[in-house]
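First the structure, in the form of structure tokens, and then the observations on it.
Just so it is clear, none of the values below were taken in a lab; they were calculated from the coordinates. Quantities reported herein were computed from a predicted structural model and do not represent experimental measurements. Methodologically, a virtual Cβ is constructed for each residue, glycine included, from the backbone with ideal geometry; neighbour enumeration extends over all protein chains shown.
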Amino acid sequence: MRELRLAAETRRRAPAARHAENPLREGLRLERVPDPAAFVLFGATGDLAHRKVIPALYQLWRTHLLPHEFTVVAVGRRAFSDEAFRAELKASLDRFSRVQPVDPDEWDELASRIVYHRGDFGDPAAFAALAERLDRLDEDRRTRGNRLYYLATHPSAFAEIVAQLGRVGLDHERHDGGWRRVVIEKPFGRDTESAVRLNREVGKVFRERQVYRIDHYLGKETVRNLLVFRFGNGIFEPIWNRRHIDHVQITVAESIGVENRGSFYEETGASRDFLQNHLLQLLALVAMEPPTTFEADALRDEKVKVVRAITEATPEQARRDVVRGQYGPGWVAAQPVVGYRAEPEVDPASETETFIAARLTVDDWRWSGVPFYLRMGKRLPKRATEIAIQFKEVPHQLFRDSTTEPEANLLAMRIQPDEGIMLRFGAKVPGLGIDVRNVTMDFTYGSAFQSDSPDAYETLILDALLGDASLFTRADEVEEAWAIVDPILAAWAEMPAPDFPNYEAGTWGPEAADDLLAREGRRWRRI
Ligand code: BG6
């Protein structure tokens with residue numbers, strides 16, 4: 001069980017005046033503070049560390065959610081003095097911190113806890129030196145042997161780093177309570193075989209309970225709220241099934257292109273970058289059975305059952321039920337943008353998909369016959385992530401004479417931006433006669449709680465430090481998710497080269513994605 005402690009007991013409290021003004025925030029005062037620990041950041045000079053990890057640590061520090069005895073050991077290949085490295089981090093923080101401006105005093109306090117350790121991941125001597133340094137830091141900074149290894153490197157380095165940690169005994173948990181955990185970024189493998197191999201390599205060194213595989217979508221506030229919405233309320237669960245739900249749509253639209261990650265994207269594409277992880281995780285949270293407790297394994301057992309129940313596509317189904325696309329040049333937010341093939345580090349004849357839409361089914365008692373339509377694309381007209389639960393039509397239409405035809409109920413959960421939940425239902429238009437019009441009931445986070453949501457990385461890093469793995473993916477989940485994606489990739493490999501680009505930047509993807517729903521008399525929700 002998680003240890004609950006009042007933050008006030010360990011560090012001074014953040015002013016709570018704003019919280020007290022809002023009645024919906026009443027009772028939200030309990031904050032958990034992790035044990036003293038060393039946070040060992042591999043890939044410290046990389047993009048992810050600068051954009052996400054350090055800003056998250058700064059935010060946790062600023063809001064007094066990290067222990068006083070906290071040290072970051074930043075491991076990278078390049079040579080840096082501690083001062084020079086801290087200055088680089090500060091420059092990134094000024095760009096990427098979600099709260100601006102950066103408070104110089106808070107930053108100085110955190111920065112004094114960051115040290116740089118130069119080392120090549122393939123060099124055993126660098127790890128022996130790291131082990132010694134960590135022991136010294138335990139003494140000097142009182143971090144008590146607790147260590148979190150965060151792998152924010154290129155995925156090709158994951159297995160090597162884990163093996164090196166094992167070689168110098170950095171995985172061993174101490175009898176007097178020093179814990180050791182490893183956080184591994186995505187992508188975890190590039191197909192079932194490589195994921196199984198990586199799980200095996202990691203498993204040679206760490207036990208599963210020490211391993212935290214990140215899918216940052218699970219740390220998003222609104223994604224976590226899905227669990228509260230489904231299992232913290234009594235009225236939705238009885239209708240959350242095939243008797244009442246016609247179909248589910250999950251959309252992740254991004255207006256950005258591949259930015260400066262062309263070579264990464266060439267290796268992954270939307271299927272590996274999104275379907276295998278973020279999209280299937282969202283589907284699992286929508287479709288899972290209620291867990292018996294809110295503990296990591298109970299939750300993950302239920303999620304993995306859903307993924308296992310998804311029908312693996314035959315080559316025929318992969319051709320029929322999965323659509324891939326790649327953006328050509330076009331306009332986004334009134335700016336001209338280049339096509340994918342003209343992006344830096346991208347092959348001018350690339351066949352990599354930047355859009356995927358799929359029709360999946362979960363073959364279990366609850367969902368049999370209910371299609372789940374998933375889509376994700378880059379360079380779509382706007383940034384929007386949404387889960388839409390489309391309910392069935394009423395069994396008998398009483399209001400046929402209404403001038404507008406009433407539509408079936410819809411529940412839309414907006415993951416980002418403009419986080420919230422919307423329920424659509426029919427209402428009588430005031431006046432004589434009976435005219436029915438669709439209206440909506442809307443809940444928005446921003447106005448209800450008047451506070452910013454934490455970034456997913458803040459939530460996940462804090463959870464990993466607290467030893468709560470609920471929002472991290474377990475070995476079997478990752479492998480089961482690859483089992484859904486593998487047959488699709490295999491079918492594509494057998495098909496003639498796709499006719500790319502097949503959608504213009506700034507549009508909602510290829511026409512075939514619309515046909516996927518149209519052939520069953522449905523359409524994508526306009527977002
Ligand atoms: C990452 C993907 O996992 O998620 C990126 O690799 C994508 O391609 C990003 O842009 C989206 O994250 P968010 O939090 O902005 O929705």
Completion exercise
Scoring the range 168-266 by relative contact order with C-alpha pairs under 8 Å, at least six apart, yields a percentage of 20
Completion exercise
Relative contact order of the chain (C-alpha contacts under 8 Å, at least 6 apart) in percent is 17
Fill in the blank from the handout: Taking Cα atoms, the helix 456-466 axis meets the longest principal axis of the chain at an angle in degrees (rounded to 10) of 50
Problem - Proximal aspartates and glutamates to K305, defined as alpha-carbon separation beneath 17 angstrom and excluding residues fewer than eight positions away on the same chain - result: E289, E295, D297, D363, D364, D476, E477, E479, E480
Problem - Out-of-range pairs (alpha-carbon distance over 22 Å; input K204/K303; K90/K382; K220/K392; K52/K378; K90/K378) - result: K204/K303; K90/K382; K220/K392; K90/K378
Exercise for the section: Evaluate the relative contact order of the range 295-355 (contact order divided by residue number), counting alpha-carbon pairs under 8 angstrom at least 6 apart; express in whole percent. Expected result: 27
Handout entry: Loop-located GluC sites (Glu not before Pro) in the range 346-455, at most 16 other Cβ atoms within 10 Å (DSSP)
Key = E351, E393, E407
Handout entry: Mean-position separation - Cα centroids, the range 205-257 and the range 261-294, in angstrom
Key = 10
Exercise for the section: Quick one: net charge around L148, please, counting Lys, Arg +1 and Asp, Glu -1 for every other residue with C-beta under 9 Å from its C-beta. Expected result: +3
Fill in the blank from the handout: With H216 itself left out, Lys, Arg at +1 and Asp, Glu at -1 over residues whose Cβ is under 10 Å from its Cβ give 0
Handout entry: Helix-derived mean residue ellipticity, 222 nm - over the chain, DSSP H n ≥ 4, -39500 (n - 2.57), to 500
Key = -10000 deg cm²/dmol
Exercise for the section: Just flag the GluC sites (Glu not before Pro) in the range 294-350 sitting in loop per DSSP whose Cβ has no more than 15 other Cβ atoms within 10 Å. Expected result: E295, E312, E345
Practice task
Bin all alpha-carbon pair distances of the chain at 20 Å intervals from 0 and give each bin's fraction as a whole percent.
Solution key: 20, 53, 25, 2, 0
Handout entry: Within the range 408-516: Cβ-based charge dipole about Cα centre, in debye rounded to nearest 20 (Lys, Arg +1; Asp, Glu -1)
Key = 780
